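Remarks on the structure that follows.
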Amino acid sequence: MLIPLNDGTAEAVVRRHLHHLVDDEVRASPGIRGGQTSADQALTRFSVAGYAARRSQVLPETDRGASRLSPYIRHSLLPLRRVWEHVGAGPARDTRKFRDELLWQEYSRHLYARVSGALHRNLRFAAPWHGEFEPEAWPRQMRCVDSVVSELETDGWLVNQTRMWLASQYTVRSGAGWHAGQEEFYRHLLDGSRAANLLGWQWTVGAGTGKPYGFARWQVEKRAPQLCRDCPLARACPIEQFPTGAALPPVTDAPANLLHDPHLSTTRGPADVVRRRAPRSVLLTVDSLGDADPALRAHPEIPSVFVFDEPALDRLRLSSKRLIFTVETLQDLARRREVVVYLGDPRAIVPGLDAAATFAPVPSFARYAEGAAELHPWPWLVAPHGGSVASFSAWRRASTEVLADDRPVDTAGPAHS
Ligand SMILES: Cc1cc2nc3c(=O)[nH]c(=O)nc-3n(C[C@H](O)[C@H](O)[C@H](O)COP(=O)(O)OP(=O)(O)OC[C@H]3O[C@@H](n4cnc5c(N)ncnc54)[C@H](O)[C@@H]3O)c2cc1C
């Protein structure tokens, strides 16, 4: 089935054509718009000066140093290389710290490409992992929790610091299995990706390092003191002290390929363009929706195609703001070239498209690769290597392409600060 992009605003398109795939009231994120044009504007506005000192600030919002570029990076509207270069002239400490975070993003992609479905389970240490979603694991009487969950549900974006608060509260304090918590994040986050979200949860709850990140009043007082001032539990704060607990035991079934990649060429994807036949269209995927998509750039004259994966979306029940972000992105692209949008099963639709596509380092790309007329390489920031991906620092040490003067400011994990 075809979805007309010119059927009103992105909200209207979702309301008319994709409503059966969402459970919430159809509403866009108030602060973040999809599309290459919005991504370009956000990057132009972003200055890295002050980033190192303020990236973890939560409130007031005007003091936040985080770039809020993640939804554009996640969908490759802003390729990592472009963002990396954008900050090149900034103050050295800020540039180094920011690039270090971009490398965390790249690391998450390498890790997921390597271990694939194993990232959905405890990777190295046994943290509470499975079970249904438990909303009460985020007690809404606590102003800090309530404020952040509301922001997640409304805006679809959080600073790294408050993602750690929620993940830690959910699993380290409440004892709920982290996978359902990450699924709730994934439903709402405009930057939600399996790679970075699973990594963020694994590392916060200790499944990556054995050392869970402890969330306590101390961080709230430091990063958003007004939340404590306004909290009905201010005098009986349930997180007054840091949580205590023994170090997590190692799992017995850690993926063998964490330390060494026996299938490096599969992980990396094609190194050169693979040409099978002349393409009639360019297929875009959620991992690569930007004007810089290699297949799109190689074929400016033919239509681009996007498929809303109906069976997957039916299962995932994403928040409508995520679908609106995608429709906005496609509408923006449609101002520059022809865009055809399908709703259905990509396994049935894609083989008939004779499309050129860009490889994406995620397991679901298999359903797009089959039958592709032409396959373009994924534009890695750092070429994948066959060495260890068991930790960020081990991965980085083996990533010899990264320049020596871009050494990380710290290597404690995304759960630092
Ligand atoms: C529990 C949890 C879940 C997370 N889920 C996601 C997710 O689904 N998608 C996602 O892109 N990031 C995720 N992150 C990482 C990080 O929180 C976000 O990338 C960041 O907050 C986005 O805001 P920003 O663009 O202002 O980041 P900035 O601080 O401005 O950093 C610039 C860019 O670096 C990358 N980056 C920064 N920190 C990290 C990190 N710790 N791991 C990986 N990449 C990073 C992002 O691409 C980000 O846009 C998660 C972290 C945690 C702790």
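The values are calculated or read from the model by the stated rules, or taken from the named source; none is laboratory data. Bear in mind the structure is a predicted one, so any value in this text is a computation, not a measurement. Glycine also receives a Cβ, built like all others from the backbone with ideal geometry; neighbour counts cover every protein chain displayed.
Per-residue answers, yes or no, for (1) surrounded by fewer than 18 Cβ atoms within 10 Å (Cβ to Cβ); (2) under 25 Å from TYR186 (Cα atoms):
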{"residue": "ARG27", "(1), (2)": "yes, yes"}
{"residue": "LEU43", "(1), (2)": "no, yes"}
{"residue": "LYS97", "(1), (2)": "no, no"}
{"residue": "ARG109", "(1), (2)": "no, yes"}
Where ALA278 falls short, out of the listed (1) in contact with a helix residue (DSSP H, G or I) (Cβ under 9 Å, 6 or more places away or on another chain); (2) in a loop (DSSP other than H, G, I, E, B): (1)
Under the condition of being touching a helix residue (DSSP H, G or I) at 6+ places or on another chain (Cβ under 6 Å) and buried (at least 20 other Cβ atoms within 10 Å of the Cβ), which residue from the range 368-380 is farthest from ASP345 (Cα to Cα)? HIS376
Among the residues listed as GLY90, GLY65, GLY35, the single one being touching a helix residue (DSSP H, G or I) at 6+ places or on another chain (Cβ under 6 Å) and away from the ligand (no atom under 12 Å from the Cβ): GLY35
Close pairs (6 angstrom Cβ cut-off, 6 or more residues apart or separate chains): closer than 10 Å to GLY269 by Cβ in the range 371-382, polar (S, T, N, Q) and modelled with pLDDT of 95 or more anywhere: HIS376/THR358
Residue that is surrounded by the fewest Cβ atoms within 10 Å (Cβ to Cβ) [pool: residues in the range 184-210 that are over 11 Å from the mean Cα position of the chain (by Cα) and not in a helix (DSSP H, G or I)]: GLY210
With the first residue restricted to the range 97-112 and required to be over 20 Å from TYR51 (Cα atoms), and the second required to be near the ligand (Cβ under 9 Å from one of its atoms) and outside any helix (DSSP H, G or I), Cβ contacts under 9 Å at 6 or more apart or on different chains are SER108/SER193; SER108/PRO414; ARG109/SER193; TYR112/SER193
Being touching an Asp or Glu at 6+ places or on another chain (Cβ under 9 Å) and outside the structural domain of ASP24 (by TED's automatic domain parsing) narrows it down to one of TRP138, TRP165, TRP203, so name that one. TRP138
Collect the residues in the range 294-308 that are within 18 Å of TYR342 (Cβ to Cβ) and not in a helix (DSSP H, G or I), keeping them in residue-number order. ILE302, PRO303, SER304, VAL305, PHE306, VAL307, PHE308
Name the residues in the range 321-353 that are more than 15 Å from HIS19 (Cα to Cα) and among the basic types (Lys, Arg), would you? ARG335, ARG336, ARG337, ARG347
Starting from the range 288-313, take each residue that is touching a residue at least 12 places away in the same chain (Cβ under 8 Å) and list its partners that are assigned to a helix (DSSP H, G or I) and of a type in the set (Lys, Arg), counting only C-beta distances under 8 angstrom and pairs at least six apart or across chains. ASP291/ARG297; ALA292/ARG82; ASP309/ARG367
What tally of residues in the range 59-87 results from selecting those that are free of Cβ contacts under 8 Å to residues at least 60 places away in the same chain, out of contact with any Lys or Arg (no Cβ under 9 Å at 6 or more places or on another chain) and in a loop (DSSP other than H, G, I, E, B)? 1
Give me a count of the residues in the range 127-183 that are of a type outside the set (Val, Ile, Thr), farther than 23 Å from ARG235 by Cβ and not in a helix (DSSP H, G or I). 14
Just one of the numbered conditions (1) more than 10 Å from the ligand (Cβ to nearest atom); (2) surrounded by fewer than 22 Cβ atoms within 10 Å (Cβ to Cβ) is not true of ARG114; which one? (2)
Would it be correct to say that ARG229 is assigned by TED's automatic domain parsing to the domain that holds GLY117, surrounded by 14 or more Cβ atoms within 10 Å (Cβ to Cβ), away from the ligand (no atom under 16 Å from the Cβ) and of a type in the set (D, E, K, R)? no
